[in-house]
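Peer 1: Just dropping this structure here.
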Amino acid sequence: MDRFNTGLNRRRFLTGAGLATLSLTSSSALAKEFADLSPPGDTSFRAFATAFPGKGPMILQRTRPPLLETPFNVFDKSIITPNDQFYVRWHWANIPTKIDADAFRLNVRGQVNLNLSLSLQDLAAMPSVDLVAVNQCSGNSRGFFQPRVPGAQWSNGSMGNARWTGVRLKDVLDRAGVKAGAVAVRFNGLDQPVMPDGPDFMKSLAIDHARDGEVMIAYQMNGEQLPLLNGFPLRLVVPGWYATYWVKMLNDIEVLDKPDDNYWTAKAYLIPDTPMASIKPGETGVKMVPINRMVPRSFFTNMPSGDSVAADTPVSLRGIAFGGDAGVKSTDLSLDGGMTWLPAQLGKDEGKYSFRRWEASLNLPRGRHNVLVRCTNSNGDMQPLAASWNPSGFMRNPIETVGLFATHGDR
Ligand SMILES: Nc1nc2c(c(=O)[nH]1)N[C@H]1C(S)=C(S)[C@@H](COP(=O)(O)O)O[C@H]1N2
Ligand SMILES: [Mo]
């Protein structure tokens, strides 16, 4: 137990917990109050798939194109998500099933002095960089939206954290020589639409973002080549930004002299230009802008809601947090619905874009307790108590709660 002891002020926690015990009645009433909002097809009933190349057990959202969700217990084992259980999301089913690594070329063209056609060996010969970063789908947790919204009904597992190794996009652009007047850089991969008139999946970044020295072209994930379904042989890594920008099977980079008007950048993946990207269901006439930076989140990983724990004995709680586009400043717990907060102990810092482990030891008196966890990032942004809402189901990040029953084993 000691290793989870965080130096949390136990008396203050007990005081908070005391307040939370007032409504203890019968266990059936409690069960009702703890009823969780689950995505359609509660995760415990969702089908698992093991037959995808390079993938172990994954929650099957869709077969073609593959949408595979990471089972949430994976996040309790390590802050690094293993490649074989890293989630998978593609827009079009026309994905190469094998790639000749020797013949593969990454082309760089457009507003550049010199067109490039780089082999994997060319990239391996350039200075390499290494970064741990969270890759999270814009629609992670969409299945929890109320009112419901269309799109993949992800639970919380369309995210993952990996160590990415590759080259700086800036170095590749410098090698080509970006011409004056460049405003954006567009990225395209080997996947193709299934209908001839379907828009090819492409994403763009503003030129300054593309040249910030952090955006990278990764050829390794957790020290191994990328799994095919996560973008072998190359993918863009855009630290702190939603995964829609992390173009997989990247083989074409085009420097543009005007803003990108392609469907996936200009029309899809737009969010309301409002605080927390939130609007009222049905609200219209809202200015929309491309989705961009991630927001902070935190989760419990070792304690599902509704669990029973021993009363008056230290109970270890742990989970993961990430700051979005900034590091985790603190992760705090509340036992009084968010009136007062106490810090959890943070685990090893793997860099500001990584998951961070949090741990706490709580001594709960007999009764029911709602435990809240909240991440604050180093920009001072924190998770809200109430979930925001938008029609695409993007950017969900409310404070998470688990309901625990503390008993003396006599229930
Ligand atoms: N080439 C290509 N890259 C892509 C996509 C795609 O459809 N095609 N989808 C994007 C989206 S929306 C997400 S959420 C991430 C998913 O990355 P993963 O499958 O490695 O987890 O890939 C991004 N990169
Ligand atoms: Mo996504």
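The values are calculated or read from the model by the stated rules, or taken from the named source; none is laboratory data. Nothing here was measured: the structure is a model prediction, and the numbers come from that model. Cβ placement follows ideal geometry from the backbone for every residue including glycine, while neighbour counts extend to all protein chains displayed. Note: areas computed on protein heavy atoms with side chains; ligands, DNA, RNA excluded. Shrake-Rupley method; radii C 1.70, N 1.55, O 1.52, S 1.80 Å.
Peer 1: Could you tell me which of the pairs Lys170/Lys352; Lys98/Lys248; Lys170/Lys329; Lys179/Lys258; Lys203/Lys248; Lys98/Lys203 are separated by over 18 angstrom between their Cα atoms in the structure shown?
Peer 2: Cα-Cα > 18 Å for Lys170/Lys352; Lys170/Lys329; Lys98/Lys203; rest within.
Peer 1: Counting only protein heavy atoms and a 1.4 Å probe, tell me what percentage of the chain's accessible area is made up of carbon and sulfur.
Peer 2: Roughly 51 percent of what the probe reaches on the chain is carbon or sulfur.
Peer 1: Once you put a point 7 Å from the Cα of Asp257 and another 7 Å from the Cα of Val286, both along the Cβ direction, what distance in nm separates them?
Peer 2: 3.8
Peer 1: Sticking with this one: Run the numbers for His408 and Asn113: contour at 0.36 nm per residue of separation, minus the present Cα-Cα distance, in nm.
Peer 2: 98.9 nm
Peer 1: If you take the Cα Rg of the chain and divide it by 2.2 N^0.38 Å, with N the number of residues, what do you get?
Peer 2: 1.05
Peer 1: Oh, and also: Full extension from Ala206 to Phe48: what is 0.36 nm times the residue separation minus their Cα-Cα distance, to one decimal in nm?
Peer 2: Extending this stretch completely gives an extra 53.0 nm.
Peer 1: Per DSSP H run of at least 4 residues, take -39500 (n - 2.57); add these up for the chain, divide by its residues and hand me the 222 nm value, nearest 500 deg cm²/dmol.
Peer 2: One gets -2500 deg cm²/dmol as the mean residue ellipticity at 222 nm.
Peer 1: Taking the Cα atoms only, what angle lies between the long axis of helix 10-20 and the longest principal axis of the chain, rounded to 10 degrees?
Peer 2: So the helix axis and the longest Cα principal axis differ by about 80 degrees.
Peer 1: Next question. Please identify which residues in the range 289-320 have an amide N closer than 15 Å to a label point set 7 Å out from the Cα of Ser278, following the Cα→Cβ vector.
Peer 2: Output list for this probe position: 295-297.
Peer 1: I need to check one value: relative contact order of the range 297-407, counting alpha carbon pairs closer than 8 Å and at least 6 residues apart, in percent. All intermediate terms of the calculation are to be shown ahead of the outcome.
Peer 2: Numbers: 277 pairs, mean separation 39.6, N = 111.
Rounded, it is 36 percent for the range 297-407.
Peer 1: State in Å² the accessible area per residue of the chain; use a 1.4 Å probe, count heavy atoms of protein chains only, and round to the nearest integer.
Peer 2: Ligands and nucleic acids excluded, the figure is 43 Å² per residue.
Peer 1: Given an 8 Å cut-off on Cα distances and at least 6 residues of separation, report the relative contact order of the chain as a percent.
Peer 2: Contact order relative to length: 19 percent.
Peer 1: Could I ask something else about it? With the cut-off at 1.5 for a/c, could you classify the range 325-411 from its C-alpha gyration tensor as rounded, prolate or oblate?
Peer 2: Cα axes put the range 325-411 in the oblate bin.
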